[in-house]
Amino acid sequence: MADPSDEAKVIEQLYEFGERLNGAKDKSQHVEDYRSIIDAAKSENDKARQLAAQLIPRFFKFFPELSESAIDSHLDLCEAEELGVSVQAIRGLPLFCKDTPEHLSKIIDILVQLLTAEENVERDAVHKALLSLLRQDVKAALTALFKHLESVDEPSTDENLRERTLCFIRDKVFPLKAEVLKPQEQMERHITDLIKRSLQDVTGAEFKMFMDFLKSLSIFGEKAPVERVQELIEIIEAQADLDAQFNVSDEDHIDRLISCLFMALPFFVRGASNSKFLNYLNKHILPIFDKLPEERKIDLLKNLAESSPYTTPQDSRQILPSVVELLKKYMPRRKSEETNFTYVECLLYTFHHLAHKAPNATNSLCGYKIVTGQPSDRLGEDFSEYYKDFNERLSSVEDLARATIKKLTQGMADHNKAMAAAESDEAKASIKAQRQNATTGLRTCNNILAMTQPLHSKSPSFMGDKRINLSWKDATKPLAPSTTTAAGGKRPVDGPSNNASKRGRGADGLKNQLVNRAFQGLSYGGRSGRGRGGDSGGRGRGRGYR
């Protein structure tokens, strides 16, 4: 056991070294005093080590020749088993950079390693130290922090470290953006560039987190020019791997593609181009639509429908053939055949918006007679068989929709009776869900009728506005009540909004199940795909999107 008097003597000497250095005008003349303080870090006396943890960073800047040994010794103190020593050492780390900023990157690296500390008090000290350095030099500190997220080749043993770093950035750095990102435009640009380099190897949840943060920056705000919004689209396009050759067996790529398309929708509204996404879908995905996993088909069609109003005339002309081909597939010629009403709703909505941009392209696809005065009208050719076929399919799907509306409306009356008779909360909740399923089904079928009726004319007018409120989206404004008609008259008011309609990452799981159940048991019902929400938790591009 160490002699208490010897321990007291060591501490007394440390105080003497500190006082002498503190009072000296030319501190470089007392290099041995500072060297002795560094050596005290190896003491077995915890109080002496704790005092050394205070003194080493305080006089660090005066002895550049001892910088390496000073930092190494201080790092040993940071890893001390005695909590009082390690916490004191961690708190002192930012002082190494106060007057010698060239050490900031190294100190950040040390603190990042300490993010995995098990004790809360230690982690709290690490967080405060990192934030202190962030305020001291935000650009250098961010660069050093993000360096730990960029590598795609880190061994699996570093995964916990990367996760802690990511959590620190998300929970501590991002909320302080207004305070630390100054000058604003310059630093927002810097952190954007850092984030871009960090997206090589992220899960779906991580990518969404980064994109949500980027959207919150002023440089990408509502008043940002289209070029800035397009930059966000390009980030999403890169994550979707739109330059990769498509492989239908690569379900991760399919999930990522659909999720990224959904994430891009708000930016299409703001004027960014959806050309690359839609051309990729047209070239690789729509031709093999039937081979896609069943649960992802509906997500794809919904996202395609929501993208269609923002498509250019040139892209519309290119994509229309694929959409018409799918429409013909899911609009049967005979009402005895099954169909998928949600597919038809999506495809009709897409068709209207694309055809509105390139109306005469439908002449050779559907047999219409739309005159624009361009050679592409192809009015001299006979496409009457196409018109007859398309018209028959429209009539058939209308008959199916009307029959389904009748059954769903009858079912609603049954639900009301069952609700009045229900006694338990569980039974009432089940009936309420069934009633809402039926409401969703009615919205889908009535949308179909509203979109098919204008298409019977040989020179139809295509809907290029938002008059149709897609069945999975909440109504944008209240509508006057109306009654359902069996003959496809006025569209009834959209049913009550469904909380499940709020989707995440291109997955619309619960909502799709609602629509599916609404159509189950009907003689003309089809299957509606079911999205899968959540994240797989695996790291790597394409993982965590299902």
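Gly204 meets the conditions (1) of a type in the set (Gly, Ala, Ser); (2) open to solvent by 10 Å² or more (accessible area, probe 1.4 Å); (3) more than 24 Å from Ser316 (Cα to Cα) in every case but one. The failed one is (2).
For the range 189-201, the tally of residues that are open to solvent by 20 Å² or more (accessible area, probe 1.4 Å) and free of Cβ contacts under 8 Å to residues at least 40 places away in the same chain stands at 3. Residue count for the range 120-147 under the criterion of being of a type in the set (Gly, Ala, Ser) and either within 19 Å of Leu166 (Cβ to Cβ) or in contact with a strand residue (DSSP E or B) (Cβ under 9 Å, 6 or more places away or on another chain) (or both): the result is 3. The single condition among (1) open to solvent by 70 Å² or more (accessible area, probe 1.4 Å); (2) assigned to a loop (DSSP other than H, G, I, E, B) that Ile370 does not meet is (1). If you check Lys458, Lys428, Lys466 for being touching a helix residue (DSSP H, G or I) at 6+ places or on another chain (Cβ under 8 Å), open to solvent by 70 Å² or more (accessible area, probe 1.4 Å), among the charged types (D, E, K, R) and modelled with pLDDT under 85, only one passes: Lys428. Taking the range 120-136 as the range and being buried (at least 17 other Cβ atoms within 10 Å of the Cβ) and farther than 15 Å from Val87 by Cβ as the test, the residues that pass are Leu131, Leu133, Leu134. Filtering the range 94-106 to residues that are open to solvent by 10 Å² or more (accessible area, probe 1.4 Å) and over 11 Å from Ala129 (Cα atoms) leaves Lys98, Asp99, Thr100, Pro101, Glu102, His103, Ser105, Lys106.
Among the residues of the range 77-93, the ones that are assigned to a helix (DSSP H, G or I) and surrounded by 16 or more Cβ atoms within 10 Å (Cβ to Cβ) come to 11 in all.
For the range 107-119, name all the residues that are over 18 Å from Val173 (Cβ atoms) and either crowded, with 19+ Cβ neighbours inside 10 Å or modelled with pLDDT of 95 or more (or both).
Ala117
For the range 1-54, the set of residues classified as part of a helix (DSSP H, G or I), open to solvent by 60 Å² or more (accessible area, probe 1.4 Å) and among the basic types (Lys, Arg) consists of Lys9, Arg20, Arg35, Lys42, Lys47, listed by residue number.
Entry remark, the range 137-165: residues being at pLDDT below 95 and open to solvent by 10 Å² or more (accessible area, probe 1.4 Å) number 16 in total.
Any chance the range 381-401 includes a residue that's at pLDDT 95 or above, assigned to a loop (DSSP other than H, G, I, E, B) and open to solvent by less than 20 Å² (accessible area, probe 1.4 Å)? Within the range 381-401, none of the residues are at pLDDT 95 or above, assigned to a loop (DSSP other than H, G, I, E, B) and open to solvent by less than 20 Å² (accessible area, probe 1.4 Å). Restricting the range 168-183 to residues that are closer than 13 Å to Ile219 by Cβ and either under 19 Å from the mean Cα position of the chain (by Cα) or in contact (Cβ under 8 Å) with a residue 12 or more places away in the chain (or both), the residue that is surrounded by the most Cβ atoms within 10 Å (Cβ to Cβ) is Leu181. Checked against the criterion of being surrounded by 14 or more Cβ atoms within 10 Å (Cβ to Cβ), outside any helix (DSSP H, G or I) and among the charged types (D, E, K, R), the candidates Asp255, Asp241 yield just one match: Asp241. For the range 293-327, give me the residue count where each residue is open to solvent by less than 20 Å² (accessible area, probe 1.4 Å), of a type in the set (Gly, Ala, Ser) and more than 21 Å from the chain's Cα centre (by Cα). So the answer is 1. Scanning the range 321-360 for residues that are among the aliphatic types (A, V, I, L, M) and part of a helix (DSSP H, G or I) gives Val323, Val324, Leu326, Leu327, Val344, Leu347, Leu348, Leu354, Ala355. Report yes if Gln186 is loosely packed, with under 14 Cβ neighbours inside 10 Å, at pLDDT 95 or above and either among the polar types (S, T, N, Q) or touching a Phe, Trp or Tyr at 6+ places or on another chain (Cβ under 9 Å) (or both), otherwise no. Judged against the criteria, Gln186 is a match.
Scanning the range 256-284 for residues that are in contact with a Lys or Arg (Cβ under 8 Å, 6 or more places away or on another chain) and aliphatic (A, V, I, L, M) gives Ile258, Met263. Look at (1) under 24 Å from the mean Cα position of the chain (by Cα); (2) aliphatic (A, V, I, L, M); (3) open to solvent by 10 Å² or more (accessible area, probe 1.4 Å) and you find that Ile288 fails only one, number (1).
The values are calculated or read from the model by the stated rules, or taken from the named source; none is laboratory data. Just so you know, these numbers come straight off a predicted model, no measurement behind them. Cβ sites come from the backbone with ideal geometry, for glycine too, and all protein chains shown count toward neighbours. Ligands, DNA and RNA are excluded from the accessible area calculation, which covers all protein heavy atoms including side chains. Shrake-Rupley method; radii C 1.70, N 1.55, O 1.52, S 1.80 Å.
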